1. To the nearest 20 Debye, how big is the dipole of region 81-128 about its Cα centre, given +1 on the beta carbon of each Lys and Arg and -1 on that of each Asp and Glu?
2. Using R₀ = 41 Å, calculate the FRET efficiency as 1/(1 + (r/R₀)^6) where r is the Cβ-Cβ separation of Lys30 and Ala121; round to 0.05.
3. Considering the dipole of the chain built from charges on the beta carbon (Lys and Arg +1, Asp and Glu -1) around the Cα centre, which of Asn168, Met265, Leu36 is farthest to its positive end?
4. Between region 229-269 and region 13-54, what is the C-alpha centre distance in whole Å?
5. With charges set only on the Cβ (+1 for Lys and Arg, -1 for Asp and Glu), what does the dipole of region 116-178 come to about its Cα centre, in debye to the nearest 20?
6. Mind pulling the per residue volume of the convex hull built on the Cα atoms of the chain? Å³ is fine.
7. For region 205-269, what does the relative contact order come out to in percent, with C-alpha contacts under 8 Å and a separation of six or more?
8. Of Val136, Pro223, Ile21, which is farthest along the charge dipole of the chain in the positive direction, counting Lys and Arg as +1 and Asp and Glu as -1 at C-beta?
Amino acid sequence: MKNETVHNLTLPKIGFGTWKIGGESSPNPKTDSVSLSALHSALELGYTHIDTAETYAAGHAEELIGQAVRETRIKRESLFITSKVAPEHLAYDRVIRSCEASLRRLQMDYLDLYLIHWPSAGMKPEGTFWALNQLVKDGKVKHLGVSNFDVKLLRQAQALSATPIITNQVPYSISDRPYVKNGVLEYCQQNNILLTAYSPVNQGNFRATKTLQSIAQAHSATPHQIALAWLVQQPRVITIPMSFNPIHIKENREAADIVLSDEEMKQLN
Ligand SMILES: NC(=O)c1ccc[n+]([C@@H]2O[C@H](COP(=O)([O-])OP(=O)(O)OC[C@H]3O[C@@H](n4cnc5c(N)ncnc54)[C@H](OP(=O)(O)O)[C@@H]3O)[C@@H](O)[C@H]2O)c1
């Protein structure tokens with residue numbers, strides 16, 4: 001698995017997303033067995049970066065991740081767990097409480113990475129970053145980042161946080177590139193910040209173009225794998241595709257090993 005390193009932290013190019021694990025906006029226990037089976041597949045195939053959020057299935061995704069990690073007996077230190085605080089919880093006390101609740105649901109002592117899920121119009125960023133940095137001092141969080149931030153908000157976050165902002169998690173796929181257009185990708189690449197691409201296969205609504213299909217054929221790969229390989233061949237870009245299907249989970253992880261030629265990258269760009 002290829003990696004990216006920023007601020008002495010090395011992260012795999014491809015991790016596992018968990019939106020819809022355990023339900024959508026509320027828990028759906030009927031999907032527990034399919035969710036646990038997807039998490040087991042991911043952990044057993046060697047995914048180490050697991051991305052979640054307090055809002056995913058209203059916290060139930062975190063409960064199932066904790067359960068799957070305990071069941072597979074994988075050492076906590078070999079994993080990199082990201083969670084996110086919701087935009088309605090950005091006041092100082094709420095940030096602290098949200099993080100503690102995520103840790104309780106995961107049954108873990110610390111998060112590797114804690115992100116502001118979305119900026120909020122009413123947020124007082126000084127208090128939010130004070131709380132996030134306090135969590136780092138208390139050992140409850142190792143690294144900090146943001147999500148869905150434009151360049152202006154990203155600069156403000158960097159100025160307010162004593163702990164480096166290691167990532168901005170934003171939508172990015174071969175068919176949807178808003179954070180290229182608004183300059184965020186270039187800013188991240190020039191400022192030692194990872195761009196974590198979410199919805200990297202466009203939430204399953206991804207259509208393979210002829211170019212994608214012919215490059216996929218040349219690599220004996222699927223168009224989805226080429227779309228992921230194209231993403232992670234870009235400097236400072238990592239990604240977190242989600243799937244319930246064990247074949248897709250395996251293919252997505254293996255996409256990091258595909259090497260596209262300069263000509264293929266040019267065609268896909
Ligand atoms: N920060 C944020 O605001 C934010 C927002 C959205 C998402 N995220 C994070 O990013 C993760 C990924 O994004 P996402 O879940 O929105 O979308 P995604 O990963 O682009 O797409 C997931 C969908 O694509 C299908 N899929 C995945 N791999 C495939 C493959 N190799 N071949 C064919 N189909 C495939 C899956 O279906 P199958 O189950 O059938 O494989 C699933 O329906 C989320 O799970 C979450 O952790 C963050």
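The values are calculated or read from the model by the stated rules, or taken from the named source; none is laboratory data. Remember, predicted model here, so these are calculated numbers, not experimental data. In this analysis, Cβ positions are derived from the backbone assuming ideal geometry, glycine residues included, and neighbour counts consider all displayed protein chains. Only protein heavy atoms, including side chains, enter the accessible area calculation; ligands, DNA and RNA are left aside. Shrake-Rupley method; radii C 1.70, N 1.55, O 1.52, S 1.80 Å.
1. Working: 6 positive and 6 negative charges, 28 e Å.
It comes to approximately 140 debye.
2. 0.70
3. It is Asn168, whose Cα lies furthest towards the positive end.
4. Computed from Cα coordinates, the inter-centre distance equals 19 Å.
5. That gives region 116-178 a dipole magnitude of about 100 debye.
6. Values: hull volume 32.1 nm³, N = 269.
Normalising the Cα hull of the chain by residue number yields 119 Å³.
7. Across region 205-269, relative contact order equals 34 percent.
8. So the residue we want is Val136.
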